[in-house]
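Any read-out appearing in this document is the output of simple, stated calculations on the displayed coordinates, not a laboratory observation. No experiment lies behind these values; they were computed from the predicted model shown. As a convention, Cβ positions derive from the backbone with ideal geometry for all residues, glycine included, and neighbour counts pool all protein chains shown.
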Amino acid sequence: MNSIRMCNVVRYNLLKGDILFRGLATSSVLNDNHKCQVLIVGGGAGGCSVAAKLSNKLGKGKVIILEPAENHYYQPMFTLIGGGIKTLNDSFRPMSTVLPALAKWVKDSAAKFEPENNIVYTEKGDKIEYEFLLIATGVQLNYNKIPGLVEALSIPKGKVCSNYSPKYVNRTFEALQAFKAGDAIFTFPNSPVKCPGAPQKIMYIADHYLRKTKKRHHANVVYNTSLAVLFGVKHYADALWKVVDKRGIQVNLRTNLIEVLPTKNQAIFENLDNPQEKITLDFELLHVTPPMSAPDVLAACKSLVTDTGFVDVNKDTMQHTKFANVFAIGDCSSSPNSKTAASVAAQSQVVYKNMLAVMNGHTPMKVFDGYASCPLVTGYNSCILAEFDYSLTPLETFPIDQSKERYSMFIMKKDIMPPLYWHLLLNGLWNGPGFARKCMHLKW
Ligand code: FAD
Ligand code: UQ1
């Protein structure tokens with residue numbers, strides 16, 4: 001008995017000592033050291049699709065995905081949620097169900113990149129050593145850069161909304177339903193954005209909603225954009241100008257949101273061609289697309305990024321310009337395409353093939369053409385399917401005039417794209433419509 005009790009006392013003291021030690025220990029003693037062939041930072045559209053491809057090829061345990069989020073969101077659906085066409089529940093799945101089973105998920109964030117030593121440190125203090133690194137962190141939403149905005153977005157049933165975050169996207173349809181009369185203002189920030197069509201898609205849906213509910217004649221629909229154009233590709237911009245003219249939507253170019261006055265329902269804009277010139281507008285609905293940037297953690301690692309903080313890659317191969325074992329995919333890369341999931345799909349095969357080439361001592365040969373696609377939803381039953389490349393030249397899949405508003409393209413956006421994303425893209429089985437395009441443009 002005595003010896004048992006003695007043992008327990010010793011065990012208790014050891015445990016107590018261990019707890020005390022753990023409490024005082026530095027993170028390097030406490031935390032894990034991981035080693036892997038490929039580390040993928042970010043398990044969004046790009047990280048997940050390439051993780052699936054690489055782990056299928058390399059086998060179990062070769063790939064680590066570093067990703068903190070509990071859920072994976074299909075962000076293109078946010079536009080439809082804003083219009084009450086889909087629900088927030090439709091837009092996400094548990095991260096554990098979308099990441100490939102053959103890869104190891106480290107549920108944590110990258111806190112520091114050390115590409116010179118092939119190491120990434122995590123927020124919780126783990127150290128991950130890799131042979132090859134794929135950076136897929138997406139962009140950072142900077143709602144806090146607009147004074148008053150976060151406060152306005154925290155007012156329950158308020159007039160300020162934003163499709164860009166799952167935290168706020170439900171506010172859009174609520175604000176639309178509550179809207180009675182007055183100014184409905186939609187903004188585009190003075191920064192790079194993901195899906196540059198999305199800030200105006202929700203405006204067209206709102207316009208249609210107000211028509212359907214007979215409120216449109218009491219409403220003034222306004223698009224205040226920092227850009228000097230309505231859309232970056234002239235072919236589609238020409239079509240969109242016809243839509244705004246037909247619908248009586250007021251477009252103010254080079255007009256940038258700089259402040260929201262939450263209690264007054266007012267927004268302050270600057271004229272980017274004459275920043276002294278400020279204008280304060282009343283609103284009954286304000287849909288804000290927030291300023292965005294490369295994530296701070298990337299921007300902090302100067303050897304990894306360009307002046308603007310995005311991962312400095314060769315725009316053809318997606319390989320880092322200095323570190324041959326580092327690649328980037330998606331919104332966090334410096335490749336000058338429009339930041340869309342459609343681009344991620346096309347990049348995924350380029351990144352996969354080029355990473356394998358480098359692993360085998362070859363030169364990366366596969367080239368990304370800058371493909372981007374933006375289904376410009378113009379209402380509850382119409383959509384212009386914009387597709388283009390680096391040179392902003394249309395690169396259309398279907399042998400029809402895609403700059404026309406079509407019901408078929410709306411159905412594609414609403415019903416075909418979600419399963420294509422969940423079942424094909426995230427499993428590494430969708431590389432964009434390049435092959436279909438070639439088939440459909442064959443001259444018979
Ligand atoms: P994301 O999918 O954003 O994934 C980034 C991942 O990295 C996230 O899971 C995040 O948690 C993780 N991460 C971030 N920081 C860290 C860190 N420090 N450490 C580890 N992990 C980190 N695209 C289209 O093609 N068509 C559309 O119609 C369309 N509509 C859109 C509408 C809206 C409202 C929005 C918001 C986007 C839309 N997009 C659309 C754009 C599309 O969603 C993005 O371009 C795409 O998701 C980019 O993929 P990604 O992998 O680069 O980044
Ligand atoms: C696409 O490939 C893609 O990524 C999965 C999207 O994001 C959801 C898109 O919105 C679009 C339009 C494409 C391109 C696909 C076709 C069939 C034109």
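Structure notes:
- The length gained on full extension between D238 and K124, counted as 0.36 nm times the residue separation minus their Cα-Cα distance, comes to 36.0 nm.
- Between segment 84-124 and segment 381-444, the Cα center-to-center distance that results, in Å: 27
- Cα-based helix-to-principal-axis angle, 234-247 vs the chain, degrees rounded to 10: 60
- Each residue of segment 400-413 was assigned a 3J(HN,Hα) from its phi angle through the Karplus curve 6.51 cos²θ - 1.76 cosθ + 1.60 (θ = phi - 60°); the sequence is 9, 6, 6, 7, 7, 5, 9, 5, 4, 6, 5, 5, 4, 4 Hz, with glycine and proline shown as x.
- Extreme residue, positive dipole direction of the chain, given options L286, G432, W241 (C-beta unit charges): G432
- Kirkwood hydrodynamic radius over Cα pairs of segment 291-444, then Stokes diffusion coefficient at 10 °C and 1.306 mPa s, in µm²/s: 95
- Distance between the modelled labels on E70 and N252, one decimal in nanometres: 4.0 nm (7 Å Cα→Cβ projection).
- Taking the Cα centre of the chain as origin and assigning +1 to Lys and Arg Cβ atoms and -1 to Asp and Glu Cβ atoms, the resulting dipole is close to 1160 debye.
- Cα pair distances exceeding 31 angstrom across the chain, given as percent: 45
- Counted charge near K62, where neighbours are those whose Cβ lies closer than 10 Å (Asp, Glu -1; Lys, Arg +1): +2
- A Förster radius of 45 Å, combined with the Cβ-Cβ distance separating E259 from M365, puts the computed FRET efficiency at roughly 0.35.
- With a cut-off of 13 Å between beta carbons, the residues surrounding R437 carry a summed charge of -3, where Lys and Arg count +1 and Asp and Glu -1.
- Evaluated with a Cβ-only charge set (Lys, Arg +1; Asp, Glu -1), segment 143-292 carries a dipole of roughly 640 debye about its Cα centre, given to the nearest 20.
- Sorting the segments 345-354, 363-372, 327-336, 173-182 by their mean number of nearby beta carbons within 10 angstrom, highest to lowest, gives 327-336, 345-354, 363-372, 173-182.
- Averaging over all projection directions, the Cα-based convex hull of segment 387-427 occupies 3.7 nm² in the image plane.
- Interchain or long-range residues, amide H under 5 Å from K86's placed H: I81
- Two numbers describe the Cα atoms of segment 123-175: Rg and Dmax, which are 16.9, 49 Å.
- Pair-distance profile P(r), taking every C-alpha pair of segment 143-292, with 10 angstrom steps and integer %: 11, 45, 37, 7, 0
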